[in-house]
1. Can you tell me the length gained on complete extension of the stretch Gln4 to Lys98, counting 0.36 nm per residue apart and subtracting the Cα distance?
2. Over 19 Å between Cα atoms: which of Lys55/Lys98; Lys29/Lys83; Lys31/Lys91; Lys29/Lys98 fall into that group?
3. Would you mind checking the tilt of helix 51-63 against the longest principal axis of the Cα atoms of the chain, expressed as 0 to 90 degrees and rounded to 10?
4. How big is segment 3-102 by Rg and Dmax over its Cα atoms, in Å?
5. Using only helices, what value at 222 nm comes out for the chain when you add -39,500 (n - 2.57) per DSSP H run of length 4 or more and divide by the total residues, to the nearest 500 deg cm²/dmol?
Amino acid sequence: MDRQALEDMLAQGQDNLMLRYTLGTLYFKEKEYETAAEHLERALEINNHHSASWKAYGRALAAQGRRSDAIDAYTTGITVAQKRGDIQAAKEMQIFLKRLQEH
């Protein structure tokens, strides 16, 4: 689905986790990191137990140079993923976190 169709759905009041997550990832792919982070932050306000949103949010923050915020997002995301048994997401965020901490 294209981004404009999703934006139209949002404008019509269809605000939900998957819509925000998808918009966030699409904006990230377009290198619009600030807008991506805004959508992902909203996704996490809707459901802060969504591991994929934490991972994407951390990436969007890191891409903006918001290192400290990205570290916080990954740290929280790892905890969430581990509690949910989402081992792959936790491992990926641990790698991203380690890279940020090394620089």
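1. Gain on extension, Gln4 to Lys98, equals 30.3 nm.
2. Lys29/Lys83; Lys31/Lys91; Lys29/Lys98
3. So the inclination is approximately 80 degrees.
4. 13.1, 44
5. Calculated from helices alone, the mean residue ellipticity at 222 nm is -26000 deg cm²/dmol.
Values quoted throughout were computed directly from the atomic coordinates according to the rules given, and no laboratory measurement underlies them. Predicted model, so just to flag it, every value in this text is computed and none were measured.
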